[in-house]
Amino acid sequence: MTAPAPTLLQLGVEMRPTTLEDAGSLSQALLRNRSYLQPWEPERPEEYYTEAGQRSCIKKQLAQRRAGTSMHWVLVEVSTGRIVGGISLSKIILGPLCSAGVGYWTDNEWAGRGLATAAVEAACLCARRDFALHRLEAGTQLHNLASQRVLEKAGFRRYGTAPKYLYINGAWRDHRFFQRILHSDPPL
């Protein structure tokens, strides 16, 4: 799978494909936001927050990109070069389904400023234009109202709830699911 070109989002943030060179900056961003993201994430080993840990994660992501099963981007503040978020398309399935899951996070300093919504909208455009996907889905914990607002503003519609869906922050958590239909053309 070819990586799409970087996209300049409003707010002076660039969404660009993740590279191995991002490992150090990404580990700093994740460490800086560790307590902010903790309620929404699985338990992570200490190594995850290091440059070596992120290098390992990125290598796996790049292998998945080459296999055509995922696409990961970092969100970079243009004025400072700091990573302030990330977004991904994962579990990409082509054929009659043409679907993927979307996941995202933003730096605590960017919360509530529209960055997550802009990134999700850009990922939807890329999913349609570059990967010919028909549908994207995302899940949020039931009480993650901010993330649900992001999805609704980006054109996603709620379609169901899964009890005890993911092991997040030390417990099995219920999740509310959203989807966005990108087009109704037949699969390529």
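The values are calculated or read from the model by the stated rules, or taken from the named source; none is laboratory data. Predicted model only: the values in this text are computed from it and were never measured. Don't worry about glycine lacking a Cβ; one is built from the backbone with ideal geometry, like all the others, and counts go over all protein chains shown. Just so you know, the surface numbers come from the protein's heavy atoms only, side chains and all, with ligands and any DNA or RNA stripped out. Shrake-Rupley method; radii C 1.70, N 1.55, O 1.52, S 1.80 Å.
Summed over the range 76-91, the residues that are under 19 Å from A5 (Cα atoms), over 10 Å from the mean Cα position of the chain (by Cα) and in a strand (DSSP E or B) give a count of 4. Is it the case that V84 is of a type in the set (A, V, I, L, M) and in contact with a Pro (Cβ under 9 Å, 6 or more places away or on another chain)? The answer is no for V84. For the range 1-39, a residue qualifies if it is open to solvent by 70 Å² or more (accessible area, probe 1.4 Å) and at pLDDT 95 or above, and the qualifying residues are E21, Q28, L31, R32, R34, S35, Y36, Q38.
Count of the range 1-18 residues, restricted to those that are in contact with a helix residue (DSSP H, G or I) (Cβ under 7 Å, 6 or more places away or on another chain) and either charged (D, E, K, R) or in a helix (DSSP H, G or I) (or both), is 2. Candidates in the range 166-177 are the residues that are open to solvent by less than 90 Å² (accessible area, probe 1.4 Å) and assigned to a strand (DSSP E or B); of these, the one that is nearest to P42 (Cα to Cα) is I168. Set side by side, the residues R149, R113, R158 differ, and just one is among the charged types (D, E, K, R), farther than 23 Å from Q61 by Cβ and either modelled with pLDDT under 95 or assigned to a loop (DSSP other than H, G, I, E, B) (or both), which is R113.
Could you list, ordered by first residue, the pairs with Cβ atoms under 8 Å in which the first is in the range 84-108 and closer than 22 Å to G12 by Cβ and in contact (Cβ under 8 Å) with a residue 60 or more places away in the chain and the second is open to solvent by less than 10 Å² (accessible area, probe 1.4 Å) and of a type in the set (S, T, N, Q), at least 6 apart or interchain? Short answer, once both residue conditions are applied: G86/T18; W105/N33; D107/N33; N108/N33. Is it the case that the range 126-145 has a residue that's aromatic (F, W, Y) and under 13 Å from the mean Cα position of the chain (by Cα)? So far as the range 126-145 goes, no, none of its residues is aromatic (F, W, Y) and under 13 Å from the mean Cα position of the chain (by Cα). Of the set (1) touching a residue at least 24 places away in the same chain (Cβ under 8 Å); (2) open to solvent by 50 Å² or more (accessible area, probe 1.4 Å); (3) over 18 Å from L20 (Cα atoms), all apply to R158 but (1).
Matching residues to (1) more than 24 Å from L26 (Cβ to Cβ); (2) surrounded by fewer than 19 Cβ atoms within 10 Å (Cβ to Cβ):
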| site | (1), (2) |
| --- | --- |
| S99 | yes, no |
| V120 | no, no |
| R128 | yes, yes |
| A132 | yes, yes |
| A154 | no, no |
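Taken over the range 19-50, the criterion of being touching a residue at least 60 places away in the same chain (Cβ under 8 Å) and either out of contact with any Gly (no Cβ under 7 Å at 6 or more places or on another chain) or assigned to a strand (DSSP E or B) (or both) is satisfied by D22, L26, A29, R32, N33, Y36, L37, Q38, P39, W40, E41, P42. For the residues A132, A122, A118, the requirement of being part of a loop (DSSP other than H, G, I, E, B) and touching a Leu at 6+ places or on another chain (Cβ under 8 Å) singles out A132.
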